[in-house]
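**Q** Questions regarding the structure given below will be posed in turn.
The values are calculated or read from the model by the stated rules, or taken from the named source; none is laboratory data. Please read these numbers as outputs of a predicted model, since none were measured by experiment. Virtual Cβ from ideal backbone geometry, glycine too; neighbours counted across all protein chains shown.
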Amino acid sequence: MSPTTEMQAVRSLFVPKWSSNVCLEGKTVIITGANTGIGKETAKDLAGRGARVILACRDMTKGEQASRDIMREVKGAKVVARQLDLADTKSICQFSENVYDTERALHYLINNAGVAICPYAITVDGYEMQFGVNHLGHFFLTFLLLDLLKHSAPSRVINVSSAAHAMGKIQFADLNGGKDYHPVRAYAQSKLANVLFTRELARRTEALGVTAYSVDPGMGNTEITRHIRRPLVDIFKTLGMLVKTPAEGAYTTIYCTVTPENQLVTGGYYKDCARAKSCRAGQDDGTALKLWAVSCHLLGIRWR
């Protein structure tokens, strides 16, 4: 067996073998960060299943280009790009108002956008960028769109997390990292927050017909790696078997979107198109409840 064949054989172990022909005609999907990478591939797949897909993008030039790309590649695709900056609560409010003005239903909210391992920065509202975008931005967006999700039930919220959540700890005394910021630690905290948010959201909304899932897409060759030291990324690319293409990275998100509800567990953590175990911290319902309360306080909202 040649080295290339061996590499392909080993790599196949890291890529789930799963497919589905589920049709989503008549369904509406919102995907954040859908102008590139995993988000764009998810949008392309769901558009190919007949769904109306809203690409929620910070950069509208890139968002509109992604929309054109998908409509060119997918015959009959129903795709539209709309502006959303998850680092700005005013933008989140404006986006949500637009959704209520134009959409009669919302069946799937896929919270995919994220920033990773970036230098210290703060959002428009003064939150550390990774916690602010990856967690608070999506928490607020879900809060604002929940009435439409309930109206459209059965509906789903899918939060894209990461295996890095296992390195995370919710630093309640220093959520903004102002005392001791480390980009990897801040990223891991935000990804753990995704898992905990999913658990508490599922507990609160299951009776309303809204289910929730967190997803680990795996290590992917996407723009989210732009702040990671290039030598490390290049090593992973050389190994190949550890790095998924954006399309492969989208598999588990798509799996949690189209798999029949009775085959999924709301609040669950999914990896490689199957249910997986999150880390112990990701299963702490007490921390999940506290994070929920703190997030509501920071955003100035009441979400019972």
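**Q** Output the residues belonging to the stretch 26-45 that are outside any loop (DSSP other than H, G, I, E, B) and within 15 Å of the chain's Cα centre (by Cα).
**A** Hits for the stretch 26-45 are 29, 30, 31, 32, 37, 38, 39, 40, 41, 42, 43.
**Q** I'd like the residue in the stretch 20-48 that is hydroxyl-bearing (Ser, Thr, Tyr) and more than 15 Å from residue 111 (Cβ to Cβ) and, out of all such residues, is surrounded by the most Cβ atoms within 10 Å (Cβ to Cβ).
**A** Across the stretch 20-48, the extreme among qualifying residues is 28.
**Q** A follow-up question, please. Taking the stated definitions as given, is residue 202 more than 21 Å from residue 58 (Cα to Cα) and touching a residue at least 24 places away in the same chain (Cβ under 8 Å)?
**A** Judged against the criteria, residue 202 is a match.
**Q** Now a separate question. So is residue 195 surrounded by fewer than 16 Cβ atoms within 10 Å (Cβ to Cβ), among the β-branched types (Val, Ile, Thr) and either out of contact with any Gly (no Cβ under 9 Å at 6 or more places or on another chain) or in a helix (DSSP H, G or I) (or both) or not?
**A** Considered against the rule, which asks whether it is surrounded by fewer than 16 Cβ atoms within 10 Å (Cβ to Cβ), among the β-branched types (Val, Ile, Thr) and either out of contact with any Gly (no Cβ under 9 Å at 6 or more places or on another chain) or in a helix (DSSP H, G or I) (or both), residue 195 comes out as no.
**Q** Within the stretch 15-41, which residues are under 21 Å from residue 144 (Cβ atoms) and β-branched (Val, Ile, Thr)?
**A** Across the stretch 15-41, the qualifying residues are 28, 29, 30, 31, 32.
**Q** Checking the conditions here, which among 110, 92, 122, 70 is crowded, with 20+ Cβ neighbours inside 10 Å, among the aliphatic types (A, V, I, L, M) and in contact with an Asp or Glu (Cβ under 9 Å, 6 or more places away or on another chain)?
**A** 92
**Q** Within the stretch 17-63, can you find the residues that are modelled with pLDDT under 95 and either within 24 Å of residue 97 (Cα to Cα) or basic (Lys, Arg) (or both)?
**A** 17
**Q** Can you confirm whether residue 124 is part of a loop (DSSP other than H, G, I, E, B), among the aliphatic types (A, V, I, L, M), without any contact (Cβ under 8 Å) to a residue 40 or more places away in the chain and closer than 28 Å to residue 192 by Cβ?
**A** Answer is yes for this residue.
**Q** Which one of the conditions (1) assigned to a helix (DSSP H, G or I); (2) modelled with pLDDT of 95 or more does residue 13 fail to meet, given that it meets all the rest?
**A** (2)
Residues are listed down the side, and each one gets a yes or a no for (1) in contact with a Gly (Cβ under 8 Å, 6 or more places away or on another chain); (2) part of a helix (DSSP H, G or I); (3) in contact (Cβ under 8 Å) with a residue 60 or more places away in the chain; (4) under 20 Å from residue 107 (Cα atoms):
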site: 50; (1), (2), (3), (4): yes, no, no, yes
site: 54; (1), (2), (3), (4): no, no, no, yes
site: 62; (1), (2), (3), (4): no, yes, no, no
site: 75; (1), (2), (3), (4): no, no, no, no
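**Q** Under the condition of being without any contact (Cβ under 8 Å) to a residue 60 or more places away in the chain, in a helix (DSSP H, G or I) and among the β-branched types (Val, Ile, Thr), which residue from the stretch 80-106 is nearest to residue 295 (Cα to Cα)?
**A** 92
**Q** Would you be able to tell me the number of residues in the stretch 176-193 that are more than 20 Å from residue 33 (Cβ to Cβ) and modelled with pLDDT of 95 or more?
**A** 4
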